[in-house]
Amino acid sequence: MLALGRQPGQTGRRWRGRSINRWAWLAFPTIALLVVFFLAPLVLMAIRSVTDPPNAGLSNYRTFFVSDADVRVLGNTFYIAAISTVVCLVIGYPYAYLMHAVPPRVAGLLLIAVLVPFWSSLLVRTFAWEVILRDTGVINSLLISWGVISEPLALIRNTLGVILGMSQILLPFMVLPLYAVMRRIDPDYTQAAANLGASPAAAFRRVFLPLSLPGVAAGTLLVFVLALGFYITPTILGSPRETMISRFIADQIQQRLDWGLGSAMAVILMLLTFVALALASRVVRLRDVFGAAEDGS
Amino acid sequence: MRTWFRSIVPAVVISLLVGACSGGSGGASPAASAASAAPQASTPASSGAPASAGADVCTTPNAKSGTTLTFASYGGVYQKAQRQGWLDPYSKLTGVKFTESEDSANATIKAQVESGQVTWDVVDVGNDFGLDANKDVLEPLDFSLIKKDEILDGFVGPYRVADITYGVVLAYRTDKTNSQVPNGWADFFDLTKFPGKRGMYDYSAGGIFEVALMADGVAPKDLYPIDTARAIKKLDTIPKDQWVFWPGGAKSQELIDSGEVTMSLMWNGRAWSAKNLDSKPVAIQWNQQLLTADYLVVPKGTPNKDEAMKFIAWATCAQNNAAPSQFIPYGPTNKNSKPQPDKVPDLAVSNVNDTTAYFNDQYLVDNAKMLDDAYNGWKTK
Amino acid sequence: MTDSRRSPHRLLLVTLGGLTVFFLTVPTLLIVPMGFSSSEILTFPPPGWSLQWYEKMLTDPQWTTGFVNSFLVATVTAIVSTILGTLAALGMVRGRFPGKSLANALILSPLIVPVIIIAIGMFSLYVRWKITGSLIGLVAAHSALAIPFVMVSVSTGLRTMDRNLEMAAQNLGAGPGRTFTRITLPIVLPGVLTGALFAFLTSWDEVVVAIFLTTAKFRTLPVEMWEQVRQVVDPTVAAVATTVLGVTTTVLLLVFVVRRQAPAA
């Protein structure tokens, strides 16, 4: 499912019949590093969620699910992730379509406009939004100095601020898979539809849109899953009502020193991420998702 | 997908093995880790001679010159005051050197002790830390050196002794209250009389429940056990968009400096700084302040335990304890300590009256999860 | 797209595109003038211009050591993850072994697992290994996050390259090592360099894992920024943010140069 490589048999023909070839060894140091420094921490954290305090069993999970606040924050997390995803789709689809429709040189510029933010610091961009949206920020001070308003508008520390910040940061993750899929759509199809008398709108709706749906699914999945784990942006731009589960996890560890509960919350978030991926993998080739960055750059 | 999940099993096994090599399973209890750290306590530094009869812990501490102690506190002007008031004079007096960390955090103490890698010797912590609940990660204090009886009642325990006192107070912008003076927390909740946003410490044990209850008419001595339902009912009288929550002192100061909030729960030192250092129209209402303290603790397993105790004993002596208050209005904890007269009016301990309230730290720690849930349940609603 | 769609639809589309470019870029760029403000507080437009905040940034050890630490971590991370990511790409594209799809999932999963989970998991274990607050701990963590980018970037080149070139070299008598350095490596080099630059950026910007794995004695620039942003935002933070952005943009320009010179990118 996630394999990026060629199918077995296409390479290393001489080793057919054995289960392993020489090239394979090259991957092992990397795998070892990831097992030790990445996978082991995650597995031990899962263990800690049922052994801290000793003999905890499932008590940490019970604590989580009987707490109104914890469950509500989990709901918040999904809610905010869902809205951000929709906003990204609404903004991202026309943009990707535009990239697809314009001459390659313009498309290249549009791509750069997506890629530069893709790689710029999330923290810097969140900070920029704070500077723009806060009561004494760019928008409010301009509007007040122009006499449009007398009291600052509430742009920050609410859902609006969080969604603005998160959508901007996540938008490239929507645009890139969409564009990757759209690029592969044969222009002859829409042309053929037009030749058969379909209006441009109908050609788009009946031909282009269905063909681009894998990109929609891939982008939506990617943005949603990434949004679930946001921590920095909602903490800076949101009010307590936009608290997301990552923040709660960090607070459990840093403020409460409650590793058991913190780990249990982390496991819950991880499971939900996997469930989202597993559900989506029925409709999306995950390779399209991961390949997005590669196609894009 | 199916192969993917199926083959996760061997990977989990491998990482389990890795974990096993790292010394103990994921659930290693603090006690076990602390035990493994214990032998460190008998390193050469701690075998130094106990305070000899001739030495006075307050004037001629029997400290080992050349020792380096690591002092961790909260940074900024606060730690600078501690440096100028205590660390520098103590170094001059004894030859003990200090390195400093400015990121004191309970989680770090726990992490250091559990990893057996204790690098902090003396740590300034908040009132939510250092009780019996943390005895696995702290050294018991040496009360043959520390003058327990001279410390304000209730501000010393087996593992901690208060080093400075401060007030959790109501601070307000004098330019936004129509020359009326808010008399206490009831006025904090009166948006009709005093319109404007309210700043609040984003922490369930930071005073939010206590001030809500006082605003609702609960006497300071009757605050505990906290009636969270009643407190939340009072908190709900301020609409959510009128609250601004701050995660740390510097932010509270910025919020009141910029005028974004009209009133805020603040630490008195921060309100003082807004008024005196930033020259903003800010005043403190001392009525119904919550008087509390920061505490010094010694992480379990530090190789410099004995030297740490001598320093703590010295810093809490009557003649030394008030020294940082010259630089920041955080007051002494030693009953006999005399701050400079011109600083006295700004100190929380000087403004104690019959409306003053005190945190019940033991209650707050014992009920932390319940309070957290109530607080989070309210603020995320 | 040669049909005559000079319609209002198209105008609408172009307008939306323009707004989106604005949304993606302008808010971030607004912090640049903020850093040159003469005002003590962040105001817009700045009442006057001054370099005082850059001066403060360059003279305050908190920022300068943060900068040095970040640069160091990012550079070492780039080296480590480029080597390991390239090896992994070769192994995964050309190799064949049981559990390969699992290995692939493992290598790519740092892209998907919420970073807070990675952060606290690593913190918990690294504390026991005594590698928190150290270069090695942060490099190990950041390499895990950066390797997927290198692998994806290198495997693209590998999968599209013509294996006959290698065969030809070997038929002409070149050994496997020579074939690799003279034929394979030059062909995938743009992918490797791109991967290296992306790895650098991944580490350079990373804040959540760094919050947990650094200590006051060893902090990176994003962590210093985070501490500040949560508290008081003065124009120094804008100056620092501009600097961070400047480094990122420079590295990205390098990426475009590398890709432009690539034979078949």
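The values are calculated or read from the model by the stated rules, or taken from the named source; none is laboratory data. Just so it is clear, the model here is predicted, and its values are computed rather than measured. Note that we place each Cβ from the backbone using ideal geometry, even for glycine, and neighbour counts take in every protein chain shown.
For the reader, a short list of remarks on this structure follows.
- Inspection of segment B:296-305 identifies at least one residue that is more than 15 Å from residue B:199 (Cβ to Cβ) and assigned to a helix (DSSP H, G or I).
Listed here are the residues, each with its yes/no results for (1) surrounded by fewer than 18 Cβ atoms within 10 Å (Cβ to Cβ); (2) closer than 26 Å to residue A:223 by Cα; (3) more than 7 Å from chain C (Cβ to nearest Cβ); (4) in contact with a Lys or Arg (Cβ under 6 Å, 6 or more places away or on another chain).
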{"site": "A:29", "(1), (2), (3), (4)": "yes, no, no, no"}
{"site": "A:52", "(1), (2), (3), (4)": "no, no, yes, no"}
{"site": "A:61", "(1), (2), (3), (4)": "no, no, yes, no"}
{"site": "A:126", "(1), (2), (3), (4)": "no, yes, yes, no"}
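- Selection count, segment C:219-265, where residues are among the β-branched types (Val, Ile, Thr), within 14 Å of chain B (Cβ to nearest Cβ) and either part of a helix (DSSP H, G or I) or in contact with a strand residue (DSSP E or B) (Cβ under 9 Å, 6 or more places away or on another chain) (or both): 4
- Pairs are defined by a Cβ separation below 8 Å, a sequence spacing of at least 6 or placement on different chains, a first member in segment C:54-76 that is more than 25 Å from residue C:147 (Cβ to Cβ), and a second member that is of a type in the set (Gly, Ala, Ser) and crowded, with 16+ Cβ neighbours inside 10 Å; the pairs so defined are C:54/C:35; C:54/C:239; C:56/C:239; C:57/C:239.
- Residue in segment B:246-263 that is surrounded by fewer than 19 Cβ atoms within 10 Å (Cβ to Cβ), more than 30 Å from residue B:138 (Cα to Cα) and free of Cβ contacts under 8 Å to residues at least 24 places away in the same chain present: yes
- Here A:175, A:181, A:114, A:162 are screened, and the one residue that is crowded, with 19+ Cβ neighbours inside 10 Å and in contact with an Asp or Glu (Cβ under 6 Å, 6 or more places away or on another chain) is A:162.
- Hits in segment A:123-172 (condition: assigned to a loop (DSSP other than H, G, I, E, B) and of a type in the set (Gly, Ala, Ser)): A:137, A:147, A:150, A:154
- Leading residue by the ranking (surrounded by the fewest Cβ atoms within 10 Å (Cβ to Cβ)) among those in segment C:86-108 that are more than 7 Å from chain A (Cβ to nearest Cβ) and at pLDDT 90 or above: C:102
- With respect to (1) closer than 30 Å to residue A:190 by Cα; (2) at pLDDT 95 or above; (3) not charged (D, E, K, R), the lone exception for residue C:74 is condition (1).
- Scoring residue C:41 on the criteria (1) surrounded by fewer than 17 Cβ atoms within 10 Å (Cβ to Cβ); (2) assigned to a helix (DSSP H, G or I); (3) β-branched (Val, Ile, Thr) leaves a single failure, condition (2).
- Test: residue in segment A:190-197 that is of a type in the set (Ser, Thr, Tyr) and at pLDDT below 90: yes
- For the residues C:133, C:121, the requirement of being within 9 Å of chain A (Cβ to nearest Cβ) and either within 30 Å of residue C:219 (Cα to Cα) or surrounded by 24 or more Cβ atoms within 10 Å (Cβ to Cβ) (or both) singles out C:121.
- Taken together, the residues in segment B:95-122 that are among the β-branched types (Val, Ile, Thr), in contact with a helix residue (DSSP H, G or I) (Cβ under 8 Å, 6 or more places away or on another chain) and modelled with pLDDT under 95 amount to 4.
- Entry remark, segment A:268-294: residues being surrounded by fewer than 21 Cβ atoms within 10 Å (Cβ to Cβ), β-branched (Val, Ile, Thr) and either out of contact with any Pro (no Cβ under 7 Å at 6 or more places or on another chain) or at pLDDT below 80 (or both) number 3 in total.
- Subset of segment B:238-259 [of a type in the set (Ser, Thr, Tyr) and at the interface with chain C (Cβ under 8 Å from one of its Cβ atoms)]: B:258
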